[in-house]
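The values are calculated or read from the model by the stated rules, or taken from the named source; none is laboratory data. Computed from a prediction, not measured in an experiment: that's the story for all the values here. As a convention, Cβ positions derive from the backbone with ideal geometry for all residues, glycine included, and neighbour counts pool all protein chains shown.
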């Protein structure tokens with residue numbers, strides 16, 4: 001027996017009917033028998049009948065829940081899952097089984113479950129039963145801040161343990177390295193300093209972060225350095241990290257052109273390491289001038305030149321070449337628009353100064369890096385823009401061109417491998433975005449807050 005309900009709309013009016021029916025079989029066919037029409041019943045009565053039919057075998061289940069108090073228990077599923085994953089990855093073992101190690105593990109888990117402050121991590125532990133799953137006594141946010149100090153003291157040991165586990169089966173001979181920075185809202189930080197601010201936050205102190213990754217892009221070491229440290233001077237710190245902490249010698253570091261200048265390359269060589277980096281445009285022009293490289297070698301296919309034990313891998317990226325050419329043409333068009341606007345501006349009044357408008361256009365040309373290519377002259381208080389096509393062609397000569405430099409022997413890595421390993425630096429950039437920034441922006445030390453505890 002069941003309720004058969006349906007709606008029908010006729011001339012814009014909706015009719016609803018409810019029939020009490022049951023199935024029966026006639027020969028091999030299943031048919032419906034209407035027992036009664038319940039269309040006259042109210043909605044509450046229909047729902048009561050429907051509920052009674054659902055529990056017709058045990059009507060005792062139909063009791064009132066008005067006096068029943070509902071209380072949500074801790075959500076332990078995600079903590080259990082993350083604990084199993086941490087055990088499988090070796091993170092639990094690297095952090096240790098004592099209280100500080102388990103607190104550090106919870107700090108990792110809380111960042112994955114929901115980013116927030118240390119106080120929010122304490123509240124998250126209470127709602128997710130973290131103390132029960134991780135076998136922890138009650139803790140407050142001050143315990144977590146103290147745990148951060150413990151992590152700093154044991155950082156190299158933890159990194160070494162994780163590195164050895166990840167490289168146990170296939171030891172890596174290549175590491176990727178990149179640098180980023182994070183500005184600070186406050187001023188009280190031992191590493192905070194004014195330096196090159198990638199976030200374009202003028203007047204803000206910052207810290208510099210160097211990230212070392214395995215060839216698959218997984219971070220293996222991170223160092224926070226004073227904010228006025230240049231990219232190239234952070235290399236020595238990473239050399240020390242690799243040589244002393246990880247206990248490896250035959251390593252190739254991959255870094256961009258801003259880090260592995262000649263002094264840094266020599267440091268790597270003296271430490272017994274190798275490097276893969278790229279050259280700046282000025283370095284490329286210098287090698288072209290000296291005859292080490294030729295423009296004809298820049299093609300969509302890879303070409304290699306070797307000199308004095310150094311290998312240079314050359315390529316021209318046609319897509320990047322088109323982008324740079326289009327961008328330069330857009331900047332020239334913008335200068336032409338500004339010149340026309342200033343001409344109209346001067347035509348509006350004789351009191352408006354031509355020299356001021358001309359200085360504005362020259363500053364614009366300099367800002368757009370078109371000096372020597374675009375020239376603006378004034379005739380009868382109207383500006384004319386001329387483009388030196390030969391200078392433009394000379395400027396576009398290296399569009400899309402790049403050169404990868406390395407001291408790795410040919411027997412160790414082929415031309416294609418050198419190129420591909422340098423391109424793997426994109427993995428470090430992804431790790432910086434997803435791993436470093438996942439922990440949130442750095443701020444000054446917080447003021448003490450009222451203690452909040454987690455009940456097991």
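Annotations
- Residue that is in contact with a helix residue (DSSP H, G or I) (Cβ under 6 Å, 6 or more places away or on another chain) and on the phi < 0 side of the Ramachandran plot, where the choices are 207, 251: 251
- Residues that are surrounded by fewer than 12 Cβ atoms within 10 Å (Cβ to Cβ) and out of contact with any helix residue (DSSP H, G or I) (no Cβ under 7 Å at 6 or more places or on another chain), drawn from the range 296-306: 296, 301, 306
- Residues of the range 93-133 satisfying the condition of being under 16 Å from residue 158 (Cβ atoms), crowded, with 20+ Cβ neighbours inside 10 Å and touching a helix residue (DSSP H, G or I) at 6+ places or on another chain (Cβ under 7 Å): 94, 95, 101, 103, 104, 105, 106, 109
Residues checked against (1) within 30 Å of residue 122 (Cβ to Cβ); (2) exposed (fewer than 13 other Cβ atoms within 10 Å of the Cβ); (3) in contact (Cβ under 8 Å) with a residue 24 or more places away in the chain; (4) out of contact with any strand residue (DSSP E or B) (no Cβ under 6 Å at 6 or more places or on another chain):
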residue: 8; (1), (2), (3), (4): no, yes, no, no
residue: 44; (1), (2), (3), (4): no, yes, no, yes
residue: 70; (1), (2), (3), (4): yes, yes, no, yes
residue: 79; (1), (2), (3), (4): yes, no, yes, yes
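- Hey, residue 277 surrounded by 14 or more Cβ atoms within 10 Å (Cβ to Cβ), modelled with pLDDT under 80 and not in a helix (DSSP H, G or I) or not: no
- Verdict on residue 56 being part of a strand (DSSP E or B) and modelled with pLDDT under 85: no
- When 103, 112 are screened for being assigned to a helix (DSSP H, G or I) and either more than 25 Å from the chain's Cα centre (by Cα) or touching a residue at least 60 places away in the same chain (Cβ under 8 Å) (or both), only 103 passes.
- Every residue from the range 210-231 that is under 16 Å from residue 275 (Cα atoms), surrounded by fewer than 19 Cβ atoms within 10 Å (Cβ to Cβ) and touching a helix residue (DSSP H, G or I) at 6+ places or on another chain (Cβ under 6 Å): none
- Residues being in contact (Cβ under 8 Å) with a residue 40 or more places away in the chain and over 23 Å from residue 294 (Cβ atoms) - total across the range 324-335: 3
- Between 159, 188, the distinction of being assigned to a helix (DSSP H, G or I) and either over 27 Å from residue 92 (Cβ atoms) or touching a strand residue (DSSP E or B) at 6+ places or on another chain (Cβ under 7 Å) (or both) belongs to 159 only.
- Conditions (1) surrounded by 14 or more Cβ atoms within 10 Å (Cβ to Cβ); (2) under 23 Å from residue 283 (Cα atoms); (3) more than 33 Å from the chain's Cα centre (by Cα): number failed by residue 332: (2)
- Those residues of the range 258-274 which are assigned to a loop (DSSP other than H, G, I, E, B) and at pLDDT below 80, in sequence order: 258, 259, 260, 261, 271, 272
- Index of the failed condition, residue 282 passing every other in (1) assigned to a helix (DSSP H, G or I); (2) assigned by TED's automatic domain parsing to the domain that holds residue 196; (3) closer than 30 Å to residue 321 by Cβ; (4) without any contact (Cβ under 8 Å) to a residue 40 or more places away in the chain: (2)
- Failed item in (1) farther than 20 Å from residue 425 by Cα; (2) in contact with a strand residue (DSSP E or B) (Cβ under 9 Å, 6 or more places away or on another chain), with residue 219 passing the rest: (1)
- Filter pass, residue 403 being surrounded by 14 or more Cβ atoms within 10 Å (Cβ to Cβ) and touching a residue at least 60 places away in the same chain (Cβ under 8 Å): yes
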